[in-house]
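See below for the structure under consideration.
Bear in mind that the values in this text are calculations on the coordinates, not laboratory data. In this text, all values refer to a predicted model and were calculated from it rather than measured experimentally. Neighbour counts run over all protein chains shown; Cβ positions are idealised from the backbone, glycine included.
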Amino acid sequence: MKNYGFATRLFLFLGTSFLLCLPAVAQQKNFIDQPYLETTTTVDTLVVPDRIYLNIVLTEADTKGRTSVEELENRMAAKLKSLGIDLDTQLSLSDLGSDFKKYFLRKTDIQKEKAYTLVVYDGLSVGQVLKGMETVGISNISLQKTEYSQMESLKMALRIKALLKAKQQGSSLVKAIGQQLGKALHIQYFERNFTDSRRGLQEMVVMTKSEPMDVEFSKIRIETQLSVKFAME
């Protein structure tokens with residue numbers, strides 16, 4: 001009797017599950033069967049990066065007279081402060097330089113190295129930092145990356161722009177055959193960012209040989225591709 005009862009409950013459970021699945025299947029079938037128009041649009045824009053990350057590497061053996069890394073740190077901090085840099089929020093140890101790295105060059109010679117990441121917010125600050133670091137004997141500086149701080153809100157604006165563009169295109173198409181565009185049935189989008197930091201690196205090398213100026217970095221291109229299925233009425 002116990003086995004029979006279990007089998008009955010299992011049958012009832014499976015039957016209930018099947019019935020619950022029917023509405024979902026029906027909805028999918030209705031979506032496929034009803035007439036719809038699919039439109040795909042692409043929108044993009046260019047923005048100037050407002051977060052520029054620089055790698056600053058302090059190496060004891062690279063300085064004349066074997067200036068210690070600690071002394072280089074003090075020089076760097078003093079110079080950055082004089083340029084208006086907030087050391088608490090803009091300067092941090094990078095993963096590479098979270099601690100001293102030691103390289104045995106000879107039996108009694110050890111080279112110490114420490115790396116920092118500095119974030120500045122415009123090209124003029126980059127030029128000032130490069131020139132300032134040069135005056136205190138620090139030259140191992142490279143571009144890590146560039147970012148745009150309002151990226152998420154910009155992406156949302158592009159999605160809306162692409163959606164409205166898709167609706168306008170769809171309305172024009174169905175109007176040509178005497179129909180109207182209905183509600184959106186399905187929306188899908190893809191986003192890509194394009195940036196080229198090589199130009200910025202070349203400009204920084206040139207900047208160390210001249211007076212500080214506003215370094216113009218490559219703009220970041222954001223592209224949104226959106227596909228919408230509209231019902232046709």
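Take the residue pairs Lys161/Lys219; Lys145/Lys183; Lys112/Lys219; Lys81/Lys155; Lys131/Lys155; Lys79/Lys145 and return only those whose Cα atoms are more than 30 Å apart.
Values: Lys161/Lys219 21 Å; Lys145/Lys183 42 Å; Lys112/Lys219 36 Å; Lys81/Lys155 35 Å; Lys131/Lys155 35 Å; Lys79/Lys145 23 Å.
Over 30 Å Cα-Cα: Lys145/Lys183; Lys112/Lys219; Lys81/Lys155; Lys131/Lys155.
Would you mind computing, in nm to one decimal, how far apart the modelled labels at Leu185 and Thr135 are, each placed 7 Å from Cα along Cα→Cβ?
Result for the modelled spin labels: 6.8 nm.
What is the spin-label model distance, in nm, from Glu73 to Leu164 if the labels are put 7 Å beyond Cα along the C-beta direction?
5.3
Go ahead and run the numbers for FRET between Thr42 and Leu124, Cβ-Cβ distance against an R0 of 30 Å, rounding to 0.05.
Working: r = 34 Å, r/R0 = 1.13.
That pair, Thr42 with Leu124, gives E of 0.30.
Tell me, Thr135, Thr40, Thr67, Thr224 in order of fewest to most beta-carbon neighbours within 10 Å?
Numbers: Thr135 9, Thr40 13, Thr67 18, Thr224 23.
Going from least to most buried by this count: Thr135, Thr40, Thr67, Thr224.
Using the 10 angstrom Cβ neighbour count as an exposure proxy, how do Asp86, Asp50 rank, fewest first? Before the final figure, lay out each step's value.
Numbers: Asp86 10, Asp50 14.
By the 10 Å Cβ count, ascending, the order reads Asp86, Asp50.
So if R0 is 35 Å, what FRET efficiency would Glu223 and Leu87 give, r being the distance between their Cβ atoms, rounded to the nearest 0.05? List each step's numbers first, then the result.
Working: r = 37 Å, r/R0 = 1.05.
Calculated value: 0.45.
Take the Cβ-Cβ distance between Arg66 and Lys145 as r, set R0 to 30 Å, and report the resulting FRET efficiency rounded to the nearest 0.05. Walk me through the intermediate numbers first.
On the way: r = 32 Å, r/R0 = 1.08.
The pair Arg66/Lys145 has a calculated efficiency of 0.40.
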